[in-house]
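**Student:** Take a look at the following structure, please.
The values are calculated or read from the model by the stated rules, or taken from the named source; none is laboratory data. Just so it is clear, the structure is predicted and the values come from calculations on it, not from any experiment. Counting neighbours? That spans all protein chains shown, and the Cβs are built from the backbone with ideal geometry, glycine included. Surface accessibility is based on the protein's heavy atoms, side chains included, excluding ligands, DNA and RNA. Shrake-Rupley method; radii C 1.70, N 1.55, O 1.52, S 1.80 Å.
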Amino acid sequence: MMLKKTATLLAALSLALPFAVTPSPAFAAETTAQATAPDALVKDISTQVLDTLRNSPEIRAGDSGKAAELIQTIVLPHFDFVRMTRLAVGKNWRSATPEQQQELTGLFRDLLVRTYSNALTQYRDQTLEVKPARAGAAADIMQVPTEIVQSGAQPVAVEYVLQKQGDEWKVFDIVVMGTSLVINYRNTFEQKISQAGIDGLIQSLKNQEFKPDATGSTAK
Amino acid sequence: MFRTLSRSCLPALCALAVVLTGCASTPANTPDNASASSVVVHPGDPWEQTNRAIFRFNQNLDEAVLLPLAKGYKAITPQPVRIAVRNWFNNLDDLWIGFNSMLQGKFANGVNDWARFIFNSTLGLGGFIDIASPGGMPKHDEDFGQTLAVWGVGEGPFVMLPLFGPSTLRDAGALPVDLAASPLWFVDDTWPLTILHFVHARSELIGTEDLLRQATFDEYAYMRDFYLQQRRYKVSDGQATQSYDDLYDELND
């Protein structure tokens, strides 16, 4: 039973980011003129992602390289990775030098891209329902609740948190079943920093890149 | 045989659950003494070393037994069959889910859950088809641990259970009750079906072990923190979400 719950949340996890982040180039161009409402943005993005996934047997067959390409070229501009990294690192962010902050941001971005391009290959038959955006705690922050619907299972709540920057809305957090995918790293990062300093965290994130994936089974 | 076993064990299991969860009510959510030490200790995880050892055990067990079984199962069953299997187990679960909804005072939900069971068991051809969900009766997610939480039992420390994975002391105490309440005890093929249940559940998770491995250099901590947060979210039926005060403090400084 516990196993099943873990199944649901991990399935949600594997779908959360990919759904958030794949507008078409045409759409991206459109937003420069005037900011699209955040819920319209999420809806349009998720429609594009689902269409792409349904028409890409390569990605569904496990080609994470192709999925990564998709994310790299189209998705990245719509995320604020500096803000995300800052949230993940927490109070230690301010004790990092600008160089360390830059390095952390790049490594954390790569980590998320690697993870979720692999997750994209897990897509099967789920659909996404986007609900009206609601106000966040600040005037320039909006939260867009969505539900991932899968036959025979309880819908999974995924909320996107966006901030307006100039005339664009940028995603800086994704909350799956009440759990921030970004803040979920904070304990891990704080523990690493308390043991090995900020450079220790940077090294761990670098090592992560060379961890065996897929069938390479032995973790660590 | 197993049926009689489960009947006679039930009172004992209930007692165990009460003892464990009774202990659980004190140490929940006391985030002091963590900052005193130079190394950050997770306040909700005082048994971290043991938990990590069990986590490694689970990963090895998974790699050696569960994952190969799940892959084999997935290879020999067409997807429509697996969906039917999923629906069938989910349908049986609705009985206990409905009971817990009732115990938590959510009577409309409880009626919904039991109505789901009735519709799916009949019109849904014995539970192989979930006609209740598209028919406007949503699936809920309840268990005895959530019921105890609604009754005021604190979650207690984080616990990594062998085989069952992440839990809290409260939920670990409630697990035997959930297991004892399984309708599978009432059929003759209890153990084959229980094994099928596990293998099927694992098959739905194929790929997520890689996701977890890639997502972090500390899989244990990632899973623990995710579990604890989403568990609180479930207990509150979606009201308790990530603390945003903290989030916006970070943004504003």
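**Student:** Please report the orientation-averaged projected area of region A:35-172, defined via the convex hull of its C-alpha atoms, in nm².
**Tutor:** 9.5
**Student:** Hey, what D do you get for region A:74-140 in µm²/s if you plug the Kirkwood alpha-carbon radius into Stokes-Einstein at 25 °C and 0.890 mPa s?
**Tutor:** For these conditions, the coefficient is 168 µm²/s.
**Student:** Pulled fully out, how much extra length does the chain show between A:Glu147 and A:Ala40, if you take 0.36 nm times their separation in residues and subtract their Cα-Cα distance? Can you show the working numbers first?
**Tutor:** Values: separation 107, 0.36 × 107 = 38.52 nm, distance 1.49 nm.
The A:Glu147-A:Ala40 span can extend by a further 37.0 nm.
**Student:** Determine the share of region A:63-157's accessible area contributed by carbon and sulfur atoms, expressed in whole percent, with a 1.4 angstrom probe.
**Tutor:** Within region A:63-157, the accessible surface is 51 percent carbon and sulfur.
**Student:** Can you give the mean number of other chain Cβ atoms that lie within 10 Å of the Cβ atoms in peptide A:155-166?
**Tutor:** Values: counts 3, 1, 4, 0, 2, 0, 3, 0, 1, 0, 0, 0.
Per residue, the number of nearby Cβ atoms from other chains is 1 on average.
**Student:** Continuing with this model, one more query. Ignoring ligands, DNA and RNA and using a 1.4 Å probe, state the total buried accessible area between B and A in Å², rounded to the nearest 100.
**Tutor:** 6100
**Student:** Region B:147-205: Rg/Rh from Cα coordinates, Kirkwood Rh? Write out the running numbers ahead of the final one.
**Tutor:** Values: Rg = 13.7 Å, Rh = 13.1 Å.
A ratio of 1.04.
**Student:** Shifting gears a bit: Binning every alpha carbon pair distance of region B:203-242 at 5 Å from zero, what are the percents per bin?
**Tutor:** Spelled out bin by bin, region B:203-242 gives 6, 22, 20, 19, 19, 13, 1 percent.
**Student:** Can you give the log10 of the normalised intensity I(q)/I(0) at q = 0.10, 0.11 Å⁻¹, computed with Debye over equal Cα scatterers of region A:97-205?
**Tutor:** Cα-only, vacuum Debye calculation for region A:97-205: -0.40, -0.49.
**Student:** Rule-of-thumb check for region B:60-130: C-alpha Rg over 2.2 N^0.38 Å?
**Tutor:** Details: Rg = 15.8 Å, N = 71, 2.2 N^0.38 = 11.1 Å.
Expressed relative to 2.2 N^0.38 Å, the Cα Rg reads 1.43.
**Student:** Considering the alpha-carbon set of region B:83-229 alone, what are its Rg and its Dmax in angstrom?
**Tutor:** For region B:83-229, the Cα-based Rg and Dmax read 16.6, 48 Å.
**Student:** Full-extension gain between A:Gln102 and A:Lys206, please, as 0.36 nm times their residue separation minus the C-alpha to C-alpha distance.
**Tutor:** That works out to 36.1 nm of additional length.
**Student:** Next question, about the same structure. Return, ordered by residue number, the residues of region B:205-225 whose backbone nitrogen is under 15 Å from a label point located 7 Å along Cα→Cβ of B:Arg56.
**Tutor:** B:218-221
**Student:** Compute the distance from the alpha-carbon center of region B:155-205 to that of region A:107-137, in whole Å.
**Tutor:** That distance is 29 Å.
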